Amino acid sequence: MELDELLACRLDSGHRKVEPCTVVIFGASGDLTARKLIPALYHLHSGKQLPVPFRVLGFARREKADEVWRTELKIALENYSRTKRAEAATWEAFAAGIAYCQGDISDPAAYLRLKKRIDAGDLRLSENLLFYLAVSPSQFAEVVERLHEVGLLRKDGSGPGWQRVVVEKPFGKDFDSARQLNAALIQFIHERQVFRIDHYLGKETVQNILMFRFSNSVFEQIWNRQLVDHVQITVSETLGVGSRGGFYEEAGALRDIVQNHLLQVLALVAMEPPVSLEAEAIRDEKVKLLKSVRLLLPSQVAANVVRGQYTEGPNGMVAYRQEPKVRPGSNVETYVALRLFIDNWRWAGVPFYLRSGKRLALGASEVRVQFRPTPNVLFAAQCGPKLDANAITLRLQPNEGITLRFNGKVPGPTTEIRPVRMHFSYNTEFGAYTPEAYERLLLEAMAGDATLFIRRDEVEAAWTIVDPIREAWDDHPFSETEFYPAGSWGPVAADQLLSVRDHAWRNPQPVE
Ligand code: BG6
């Protein structure tokens, strides 16, 4: 046996136990159900990772026969899933466990009908229930209350089986609304029954941040203010808002990406080692980190945060204000770049630059840890700023991998130095197995492991960071310099955010 094989260490054998259960999806007719949830469950089924027996029950307003819904889901699966084609026999077996229940979220009688359907069948399927709320956040509290009223949702420990609720982001629209929502939910269930999704946490590469940092001794030693000059975290997308204009007008990039995905990645990159691998220990450290982020006063926002909105671009890309369901004079940001400081012992004085935007030049998510330059002697003295500083890039998607960039001699009779790279690619090392984030997250929620979900205080700490920014922007119309052409790397002001400290964005490259 190869040494490498011997040393592979599996931590979760026997740990994750998924009991027979029913997944009830509210918002069954929506995009998320068709594009993400059903394909994820189908892949789990075909990978034999679902419990037996297992059932999916969709709940939505439109009248629909079970068979009609199944057909719709199969078509969506073939359009959107990672494997595209559904294998006939596997789909039939999976679809046999899918049913539909028509009802209006505010109609108490609908919940009685739902209960009747849930109660029919194997006892375990009617006692172990995962409610997935793929509906508007303003409906979360009502659904939970009504489920509780008909006895489908009980506080943990007050009856047989288990019941859990998965809620989609955004969780609230600011600190106050998130707090109210949390308070409304825990009237009927325990915090440990609430699974707040941030699908970034289901990505392999995002989970790997903790392995990379805490299962290696070499990286952790250099992961601090002594050696790190600054950190850049980018979540860039080439797509515009497309058909989601209505949603986006309420959210904007700050609520859609910064408050959740970007701050979650920041927390994992910068947190201290947890005392154990238990969910609460990891989440404690993330909260501690988010609470160490220096809050901006509204008067400091202009100097530390840049917002942008895309205008039209090449190949017929329309301006944000021309997208469907977007107000013609909209002041909603499609781009945000910000500089944050973490006031703790490890990171004091190290700028963390975070940015995200739609309609940018390249779609990629990555973390770049930029190390300090060498002392100004020898090569540095001669090359000046042309001598590149070392960097570690964690490429989260696509072309997932990790790159260490350092300087080397160009072979030949001249003395020429240039950056070279050591690169780990997921595809080369592990093959092209890339399960969707939702597969992992659904499985964890069914197993009751909350590690990859956001805890109440985490979500509140994240709002505390973004709320002052939102407040400073409210009612301020966009100025000319805040617009950027679709297909570019964002507004020019975002470059100045870094150049005032002699830093520059290092844009993700097409293939590392
Ligand atoms: C979602 C946002 O949470 O994440 C979308 O609402 C965004 O606006 C998406 O496009 C990006 O996810 P991914 O997995 O494609 O990086």
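The values are calculated or read from the model by the stated rules, or taken from the named source; none is laboratory data. Quick caveat, the model's predicted, so the values are computed rather than measured. Glycine also receives a Cβ, built like all others from the backbone with ideal geometry; neighbour counts cover every protein chain displayed. What goes into the accessible areas is simple: the full protein's heavy atoms, side chains included, and nothing from ligands, DNA or RNA. Shrake-Rupley method; radii C 1.70, N 1.55, O 1.52, S 1.80 Å.
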For the range 229-247 the number of residues that are surrounded by fewer than 21 Cβ atoms within 10 Å (Cβ to Cβ) and either among the aromatic types (Phe, Trp, Tyr) or within 30 Å of CYS9 (Cα to Cα) (or both) is 1
Among residues of the range 369-394, those that are outside any helix (DSSP H, G or I) and either open to solvent by 60 Å² or more (accessible area, probe 1.4 Å) or closer than 22 Å to THR334 by Cα (or both), counted:
7
Which count do you get for residues in the range 101-130 that are closer than 11 Å to GLY27 by Cα and of a type in the set (Phe, Trp, Tyr)?
0
Can you tell me which residue is most open to solvent (accessible area, probe 1.4 Å) among those in the range 423-457 that are in contact with a helix residue (DSSP H, G or I) (Cβ under 8 Å, 6 or more places away or on another chain) and polar (S, T, N, Q)?
THR434
Return yes or no: is GLU471 touching a residue at least 60 places away in the same chain (Cβ under 8 Å), part of a helix (DSSP H, G or I) and under 30 Å from PRO328 (Cα atoms)?
yes
Scanning the range 345-368 for residues that are in a loop (DSSP other than H, G, I, E, B), out of contact with any helix residue (DSSP H, G or I) (no Cβ under 7 Å at 6 or more places or on another chain), in contact (Cβ under 8 Å) with a residue 12 or more places away in the chain and among the hydrophobic types (A, V, I, L, M, F, W, C) gives ALA348, VAL350, ALA361, LEU362
Pull out all pairs, ordered by first then second residue, where Cβ-Cβ is under 8 Å, the residues are six or more apart or on different chains, the first lies in the range 240-267 and is of a type in the set (Val, Ile, Thr), and the second is more than 8 Å from the ligand (Cβ to nearest atom) and part of a helix (DSSP H, G or I).
VAL241/TYR320; VAL258/VAL466; VAL265/VAL206; VAL265/ILE209
Which one of PRO398, PRO328 is out of contact with any Pro (no Cβ under 9 Å at 6 or more places or on another chain), farther than 29 Å from LEU296 by Cα and within 16 Å of the ligand (Cβ to nearest atom)?
PRO398
Looking at the range 253-291, which of its residues are over 21 Å from the mean Cα position of the chain (by Cα) and either among the hydrophobic types (A, V, I, L, M, F, W, C) or outside any loop (DSSP other than H, G, I, E, B) (or both)?
VAL275
The range 98-127, residues that are farther than 15 Å from VAL56 by Cα, part of a loop (DSSP other than H, G, I, E, B), open to solvent by 20 Å² or more (accessible area, probe 1.4 Å) and free of Cβ contacts under 8 Å to residues at least 60 places away in the same chain:
ASP104, SER106, ASP107
Subset of the range 183-200 that is in contact (Cβ under 8 Å) with a residue 60 or more places away in the chain and assigned to a helix (DSSP H, G or I) - its residue that is most open to solvent (accessible area, probe 1.4 Å)
ARG192
Of the residues in the range 164-181, those that are under 19 Å from TRP463 (Cβ atoms), away from the ligand (no atom under 16 Å from the Cβ) and buried (at least 20 other Cβ atoms within 10 Å of the Cβ) number 2
Please state which one of TYR320, TYR248 is within 24 Å of GLY202 (Cα to Cα) and either out of contact with any Pro (no Cβ under 8 Å at 6 or more places or on another chain) or of a type in the set (A, V, I, L, M, F, W, C) (or both).
TYR248
Enumeration of residues in the range 406-463 that are more than 16 Å from the ligand (Cβ to nearest atom), assigned to a strand (DSSP E or B) and either within 14 Å of ARG192 (Cα to Cα) or of a type in the set (Gly, Ala, Ser) (or both):
GLY408, SER425
Answer from ALA65, ALA93, ALA86 - the residue that is more than 23 Å from GLN163 (Cα to Cα) and open to solvent by less than 20 Å² (accessible area, probe 1.4 Å):
ALA86
Residues THR234, THR205: which one is within 30 Å of GLY316 (Cα to Cα), polar (S, T, N, Q) and within 14 Å of the ligand (Cβ to nearest atom)?
THR234
Just wondering, is there one or more residues in the range 205-217 that are part of a loop (DSSP other than H, G, I, E, B), in contact (Cβ under 8 Å) with a residue 12 or more places away in the chain and not acidic (Asp, Glu)?
no
